[in-house]
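What follows draws every value from the coordinates through simple rules; no lab data is involved. Remember, it's a predicted structure, so these values are computed and weren't measured experimentally. Neighbour counts run over all protein chains shown; Cβ positions are idealised from the backbone, glycine included.
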There are 2 protein chains.
Amino acid sequence: MILQSVPSDGSKGDRTRNRILDEATALASVGGVGSVTLGPLAERLGMSKSGLFAHFRSKEALQVELLVRAAERFTAMTIEPLRNEPDKAKRLQRFFENWLDWIDKPPLGEGTANSCPILAAYFEFDSVPGPVRDTAARHFDELHGLIRRLAAAAVPDADAPALCAAVSGLALSHVVRVGLLRETGARETSLRAFHALLAHPPRGASS
Amino acid sequence: MILQSVPSDGSKGDRTRNRILDEATALASVGGVGSVTLGPLAERLGMSKSGLFAHFRSKEALQVELLVRAAERFTAMTIEPLRNEPDKAKRLQRFFENWLDWIDKPPLGEGTANSCPILAAYFEFDSVPGPVRDTAARHFDELHGLIRRLAAAAVPDADAPALCAAVSGLALSHVVRVGLLRETGARETSLRAFHALLAHPPRGASS
C-alpha cells in the first residue's frame with residue numbers, strides 16, 4: 001500500500017523519514033497508535049532497529065510525529081479549502097462537510113479503517129500521561145477553538161460552546177455510525193441533523 | 001482499588017471470576033481493553049496463568065466478558081431508572097442526563113478515567129475483526145435502537161435517526177471534552193446544547 005507522503009525537500013533523509021512514517025501510519029491504522037513500536041516497524045521496513053533509531057529516538061517521538069502528520073492532513077483537507085468560501089456564514093457548513101469527507105474517505109491510505117488517528121489516540125492514551133496524550137489533546141483543543149470561531153461567524157448570537165459541542169458531536173457520532181455500525185445512509189443522516197442544528201442553533205452564550 | 005462487583009450467586013468460582021474481571025477492568029481502564037492479556041493479569045492477581053485459564057479460555061473471551069459487564073452496568077445506570085419516569089416524553093432527557101452521569105462519574109472504579117470501555121474498544125478494535133469488535137458493535141447498535149425509540153416517543157414526528165445521531169453525538173463530544181480536554185463547565189454546555197436540540201429537533205423522517 002502506497003500512502004501519499006507529506007512533501008519534503010527531497011533529501012534522502014527526508015524520503016526515508018517519510019517512508020518510515022507512511023509504514024507507521026499503516027500500522028497505526030490497524031492496531032492503533034500505541035501499536036507502533038520500533039522493533040516491528042523496523043522489521044516491516046526491512047531496516048535495522050538502529051537505522052530506524054537514527055530517525056526517531058523513541059517510540060513516543062514516532063507516535064507524536066504520526067499525530068502531527070495526521071493533523072496536518074486534516075487541516076489540508078478540511079480547513080484550508082475554507083479560504084475559497086467567501087461567505088463566512090457558510091464556512092461552518094463547508095467545514096462540517098469536509099470533516100465528513102475526512103471520515104468517509106480516509107486520506108491516510110486505502111484500507112485504513114480508522115480515519116481519525118487523533119481521536120483514536122485519545123481513547124488509547126486518555127489515561128496514559130505523556131507526549132502522545134498531550135499532542136492529541138492540543139490538536140483537539142485547537143480544533144474546538146476553530147469550530148467555536150466558525151460557529152460564532154455563522155451564527156452571531158450563537159451559544160458558541162454549545163454549538164461547537166453539537167457540531168463536533170455529530171462528527172464523532174458519524175465516525176461511530178460509519179466505522180463501527182456500518183450504517184447505510186450515515187452521511188445523509190448526519191447532514192439532516194446538521195441542517196436542523198443550523199436552522200435552530202443554541203443561542204445566547206452564557207460565557 | 002476495589003471495584004463494585006456484579007452480584008453473583010456467591011460461589012467461590014463466581015467470586016474468583018468477579019475478582020478477575022474487576023482487576024481486568026482496572027487494567028482496561030488504563031491501557032484499553034486490548035491491553036488485557038492473561039499473563040500480566042495473572043501476575044497482578046497473584047494467580048497462576050493456568051488458574052486464570054480455568055476461568056477464561058482466551059484473552060478474547062475475557063475482553064468480551066469485560067465489555068458485556070460494562071454494558072450491563074451502563075444499562076443499570078442509564079436505562080433501568082427510566083422505568084420510574086411516567087412521562088414517556090421526558091425519558092429521552094432523563095436518559096441523556098444519566099449518560100452524562102455515566103461519563104462524569106465512571107462507575108467502574110475510582111481512578112478509571114476511561115468511562116466507556118465499549119466506545120474505547122470500538123476505537124481500538126475498529127479494524128480488528130473478531131469477537132471483541134462484534135460485541136462492541138452489537139452493544140452500540142442496541143443503544144442506538146433504544147435512543148431512536150426514546151426519540152420517537154419524545155418527538156412523535158421526529159426524524160428519529162437524525163435526532164439519535166445528534167443525541168449520541170452530544171454524549172460522545174462530552175466524553176472528549178471531559179476526558180481529553182478537561183473542559184470546565186462541560187456538563188452545562190452539553191445540557192444547553194441538548195435543550196436547544198429538544199426545543200427544535202430534526203423533524204420528518206426520510207426513512
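Summing charges over neighbours of residue B:170, with a neighbour being any other residue whose Cβ is under 12 Å away from its Cβ, gives +2 when K and R count +1 and D and E count -1.
According to the square roots a ≥ b ≥ c of the eigenvalues of the Cα gyration tensor, what is the shape class of the range A:139-182, taking rounded for a/c under 1.5, prolate for a/b larger than b/c otherwise, and oblate for the remainder? In terms of gyration-tensor shape, prolate.
Only helices enter this figure: runs of n ≥ 4 DSSP H residues, each worth -39500 (n - 2.57), summed and divided by the residues of chain B, yield -20500 deg cm²/dmol at 222 nm to the nearest 500. Need one word for the protein assembly as shown: rounded, prolate or oblate. Basis is the Cα gyration tensor (sqrt eigenvalues a ≥ b ≥ c); a/c below 1.5 gives rounded, then a/b vs b/c decides. Oblate, because a/c is 1.5 or more while a/b does not exceed b/c. Under a 5 Å amide H cut-off, with hydrogens placed 1.01 Å from N, residue B:158 pairs with B:204 among residues at least 5 apart or on other chains. A simple packing score, the average count of other Cβ atoms within 10 Å per residue, orders the peptides B:41-50, A:171-180, B:73-82 as A:171-180, B:73-82, B:41-50, with the highest score first.
For the range A:38-54, 3J(HN,Hα) computed residue by residue from phi via the Karplus equation (6.51, -1.76, 1.60; θ = phi - 60°) reads 5, x, x, 5, 4, 4, 4, 8, x, 10, 7, 5, 6, x, 5, 4, 5 Hz, glycine and proline entered as x.
Rounded to the nearest Hz, the phi-derived 3J(HN,Hα) couplings of the range B:71-77 under the Karplus curve 6.51 cos²θ - 1.76 cosθ + 1.60 (θ = phi - 60°) are 5, 4, 5, 4, 4, 5, 8, where x marks glycine and proline. Between this copy and the others, label points of residue B:89 are 3.2 nm apart in ascending order, each placed 7 angstrom from Cα in the Cβ direction.
Legend: mean number of C-beta atoms from other chains within 10 angstrom of residue C-beta atoms, peptide B:177-184, equals 5.
Take residue B:129, push a point 7 Å out from Cα through the beta-carbon direction, and compare it with the same point in every other copy: 4.2 nm, smallest first.
In terms of its alpha-carbon gyration tensor, the range A:134-207 comes out oblate; a/c meets the 1.5 threshold, while b/c is at least as large as a/b.
Charging the Cβ of each Asp and Glu at -1 and of each Lys and Arg at +1, and nothing else, the dipole of the protein assembly as shown about its Cα centre rounds to 80 debye. Label-point distances for residue B:54 to the equivalent site in the other copies, using a point 7 angstrom along Cα→C-beta, read 5.5 nm when ranked shortest first. Computed over the range B:71-194, the quotient of the alpha carbon radius of gyration and 2.2 N^0.38 Å is 1.06.
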